[in-house]
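The values are calculated or read from the model by the stated rules, or taken from the named source; none is laboratory data. The structure displayed is predicted, hence computed values, not measured ones. Backbone-built Cβ (ideal geometry, glycine too); neighbour counts: all protein chains shown. Keep in mind that these areas ignore ligands, DNA and RNA; they rest on the heavy atoms of the full protein, side chains included. Shrake-Rupley method; radii C 1.70, N 1.55, O 1.52, S 1.80 Å.
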Amino acid sequence: MLNAGDEIFNLNQLVIKEDQKITIDFLNDRLKENVLKLNRFDAQQRKQLIIQQIHRLNLNNHITHAFGIDINQEMLRGKIEIFPPINTVGANDIQLAPLPNGAFQLNPQNYFKRSNLDKVIVLSSRINFQKCLRPITTIIQLATCKKRNDIEFKEFDLFSTNIDAWVNCVESIKSENNEKVILILAIDGPYDAHFFLKYSESQTGLQTQQIMTPTLVDGDFNTQRNICHKINVKMGGLNLIVKFGKNVPNLDINTGDILVIAIDICHATGDNYIGKTTEPSTVGISSNYIQPQEFQNFFFYTKTRNEVIDKDVLFPYIQKLLMEACKNRKIEKIVILRDGVDEGRFSRVIGEEVAAIKSAAIQVGINAKFVVFVINKKTNTRHFMKENNRVVSLPPRSFINWGCRYKFVQFYCSPHRSISGTAISSLITVVLDEIGISKLESQVFILGLTYLHQIVNKPISIPSPVYQADEIAHRGQMLFRTLKKYKPENIRYHENGEINFEALTEFLSFSKFSLPFTRYNA
């Protein structure tokens with residue numbers, strides 16, 4: 001059995017034995033989605049399965065009775081609060097009409113700020129280019145609001161596994177279109193083509209996007225519109241902004257003096273998610289260091305599987321971020337959104353990560369007050385609501401203030417409508433508040449941030465900066481794995497044999513020494 005090696009096999013040689021267990025990470029996106037569907041249950045089914053499991057556990061037994069413990073096996077009941085829709089605004093202060101399902105209407109002609117896209121280069125086979133030219137033209141016209149756009153075809157074998165050929169192709173496009181704002185569209189290609197494309201992006205600084213032919217040819221208007229949203233944001237535009245209103249007097253980012261920093265870590269995994277690994281962990285950062293409602297993202301590498309970022313590692317990256325923010329406006333308040341930390345590490349987050357950010361702020365001359373939220377999406381808590389004698393998921397913009405930890409400023413938040421399965425409420429904890437915000441203000445602030453995803457016309461399940469930090473951290477992990485597999489000679493090491501994380505970050509970063517000025521990973 002081959003465990004780690006590069007070999008080419010014919011399809012008929014690749015056989016998965018009956019009942020053989022494999023991780024879903026080895027499946028393509030379509031198969032992975034089909035596997036995940038097997039574990040998705042609607043709210044009614046989910047509740048029944050939870051009740052059955054509680055009875056199987058038999059928690060009231062002779063051992064619990066011996067300790068004088070009696071466990072109530074009934075689910076907690078309480079009230080939910082459903083907030084009104086957040087005010088979202090497009091071009092010329094046009095209010096985007098909210099819909100009953102929690103979504104809102106946003107069309108490309110109403111973008112708050114349009115990108116300066118000059119030219120689109122299509123990488124594909126000639127036959128795919130001919131198939132897709134009409135929908136591509138329509139999408140680019142919608143995205144740019146220009147009747148005529150510069151769309152150029154460049155034939156390239158997207159099934160190539162020669163990583164140098166990919167980089168050379170993108171480099172040639174860059175040299176031929178000096179000082180133009182370019183988007184490279186790769187049409188079709190195998191699963192690995194995405195990795196080669198994004199690696200080439202990191203080496204050249206040109207924005208790229210891979211789209212499959214069926215998506216372009218068979219996609220309806222909503223699909224085309226979402227692609228437009230993605231392209232506009234990727235190329236430096238801003239689709240909409242949020243007006244927070246009177247309930248957010250202290251954290252309204254429209255005032256311009258508030259800097260939001262979202263942090264997430266993507267950890268390395270060994271074989272089957274256990275065992276030793278030398279792969280670094282990747283830290284993703286999302287922040288509005290340029291304009292109040294525009295969030296740019298970057299990543300850096302650090303020691304593997306450290307749940308809390310070492311302050312000496314975090315400090316220089318935050319210092320660079322704060323210096324850039326100070327070029328654009330005066331910062332008086334800093335809001336930190338930390339993803340995925342359990343309560344046992346709250347004090348370490350304050351003592352190390354927040355301390356590093358405070359030190360960096362002092363270093364660049366910022367005297368700011370801090371508010372720190374911890375966002376936990378992966379909780380074991382499920383909330384249900386009864387509607388017409390049927391158990392359903394919570395409606396959009398639901399908040400729950402009970403069932404939380406004693407003496408913690410906590411609440412559950414379900415901003416979105418669950419399309420499939422059962423909605424999972426995020427647990428939000430305020431672990432530091434130097435301003436004195438109310439719970440209502442923190443809830444409206446968090447809800448408002450879920451509307452800033454920019455690519456879909458609805459709020460998402462967590463604040464958009466946290467989602468973006470998670471996405472860019474996974475991008476960094478994917479780039480490292482691509483580099484290790486195809487160009488391991490470009491990984492720099494210290495004399496002791498450990499990976500040089502600073503050099504690795506610089507080599508694989510989109511903007512190298514500088515911070516990115518667009519949301520290139522949209």
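Here are the numbers:
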{"read-out": "For the chain, with +1 on Lys and Arg beta carbons and -1 on Asp and Glu, the positive-most of 242, 64, 282 along the dipole", "value": "242"}
{"read-out": "Solvent accessible area, Å² - residue 486, 1.4 Å probe, full protein context", "value": "60"}
{"read-out": "Which of 365, 452, 90, positive extreme of dipole for the chain (C-beta unit charges)", "value": "90"}
{"read-out": "Rg ratio (alpha-carbon, reference 2.2 N^0.38 Å) - the chain", "value": "1.02"}
{"read-out": "Calculated FRET value between residue 512 and residue 67, using beta carbons and R₀ = 51 Å, to 0.05", "value": "0.25"}
{"read-out": "Mean Cα-pair separation over length for the range 304-450, i.e. relative contact order, pairs under 8 Å, 6 or more apart, %", "value": "23"}
{"read-out": "Mean accessible surface per residue for the chain, computed with a 1.4 Å probe while every protein chain stays in place, in Å²", "value": "51"}
{"read-out": "Karplus 3J(HN,Hα) series, Hz, for the range 92-108 with 6.51 cos²θ - 1.76 cosθ + 1.60 (x for Gly, Pro)", "value": "6, 6, 6, 7, 7, 5, x, 10, x, 7, x, 7, 8, 8, 9, 10, x"}
{"read-out": "Set of aspartates and glutamates near residue 180 by C-alpha distance (under 15 Å), chain-local residues within fewer than 8 positions excluded", "value": "118, 150, 152, 171"}
{"read-out": "Given 32/303; 37/320; 333/377; 119/458, the pairs whose alpha carbons are separated by over 31 Å", "value": "37/320"}
{"read-out": "Percent antiparallel among DSSP beta bridges (both partners in the range 112-244, rounded to 5)", "value": "5"}
{"read-out": "Spatial separation of Cα centroids for the range 200-259 and the range 325-375, in angstrom", "value": "25"}
{"read-out": "Integer Hz, Karplus 6.51/-1.76/1.60 couplings in order for the range 222-229, x for Gly and Pro", "value": "4, 5, 4, 5, 5, 5, 4, 4"}
{"read-out": "Amide H contacts of residue 114 (H built 1.01 Å from N, under 5 Å, at least 5 apart or other chain)", "value": "238"}
{"read-out": "Fraction of antiparallel bridges per DSSP, the chain only, in percent to nearest 5", "value": "55"}
{"read-out": "Proximal lysines relative to residue 131, as straight alpha-carbon distance under 18 Å, when same-chain residues fewer than 8 apart are discounted", "value": "154"}
{"read-out": "Computed magnitude of the charge dipole of the range 114-156 (debye, nearest 20; Cβ of K, R +1, Cβ of D, E -1)", "value": "180"}
{"read-out": "The chain: relative contact order as a whole-number percent, Cα under 8 Å and 6+ apart", "value": "18"}
{"read-out": "Relative contact order of the range 365-414, pairs being alpha-carbon contacts under 8 Å that are 6 or more residues apart, as %", "value": "23"}
{"read-out": "Loop sites in the range 440-522: GluC sites (Glu not before Pro), DSSP, at most 11 other Cβ within 10 Å", "value": "495, 498"}
{"read-out": "Coil-residue trypsin sites (Lys or Arg not before Pro) of the range 439-500, DSSP, other Cβ within 10 Å capped at 16", "value": "492"}
{"read-out": "Accessible surface of the chain [probe 1.4 Å, protein heavy atoms]: carbon and sulfur percent", "value": "51"}
{"read-out": "Label-point separation in nm, residue 408 to residue 391, each point 7 Å along Cα→Cβ", "value": "2.4"}
{"read-out": "Reachable aspartates and glutamates, given that their alpha-carbon falls under 13 Å from the alpha-carbon of residue 439 and they are not under 8 places away in the same chain", "value": "81"}
